[in-house]
1. Return the carbon/sulfur percentage of the accessible area of the chain, one whole number, probe 1.4 Å, all protein chains in place.
2. Report, in degrees rounded to the nearest 10, the 0 to 90 angle that the Cα long axis of helix 12-26 makes with the longest principal axis of the chain.
3. Using helices alone, I'd like the mean residue ellipticity at 222 nm for the chain: each DSSP H run of four-plus residues gives -39500 (n - 2.57), total over residue count, nearest 500.
4. Rounded to the nearest 10 degrees, what's the angle between the helix 52-69 long axis and the longest principal axis of the chain, both from Cα atoms, 0 to 90?
5. Please compute the per residue accessible area over the chain with all protein chains in place, 1.4 Å probe, rounded to a whole number of Å².
6. Distance in nm between label sites at residue 57 and residue 34, each 7 Å beyond Cα in the beta-carbon direction?
7. Report which label in [x] 1.00; [y] 1.07; [z] 0.93 holds the value of Rg/Rh (Cα atoms, Kirkwood Rh) derived from the coordinates of this structure.
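The values are calculated or read from the model by the stated rules, or taken from the named source; none is laboratory data. Please read these numbers as outputs of a predicted model, since none were measured by experiment. Glycine gets a Cβ as well: all are built from the backbone with ideal geometry, and neighbour counts include every protein chain shown. Heads up: the accessible areas ignore ligands, DNA and RNA and are worked out on the full protein's heavy atoms, side chains in. Shrake-Rupley method; radii C 1.70, N 1.55, O 1.52, S 1.80 Å.
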Amino acid sequence: DEFTVLLPDSNIAHAKIVAGKILEAAKHLTVDEEKPISVSIGLVEWSDPMDERMMLDAVDKALYRAKEQGKGRIIVH
């Protein structure tokens with residue numbers, strides 16, 4: 001499953017901190033008490049002239065780069 005977290009009034013440095021906390025918390029979670037949960041995170045900072053679609057496309061690309069590089073990654077677009 002994939003989900004999106006928006007951090008209004010934030011910057012990429014803060015987003016990296018939040019993403020790191022999510023990765024750390026996920027290390028302690030399992031599915032069916034055996035299978036660990038893996039997390040890959042793509043980050044993008046909103047900038048002009050981005051619209052909503054452009055931002056989602058950029059974060060999607062970052063997410064898939066994170067997945068390609070291995071579990072437990074944070075990639076900034």
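1. Carbon and sulfur together cover 53 percent of it.
2. Orientation of helix 12-26: about 20 degrees from the principal axis.
3. After summing the helix terms and dividing by the residues of the chain, the value is -14500 deg cm²/dmol.
4. 40
5. 79
6. 4.3
7. Recomputing Rg/Rh (Cα atoms, Kirkwood Rh) here picks out [x].
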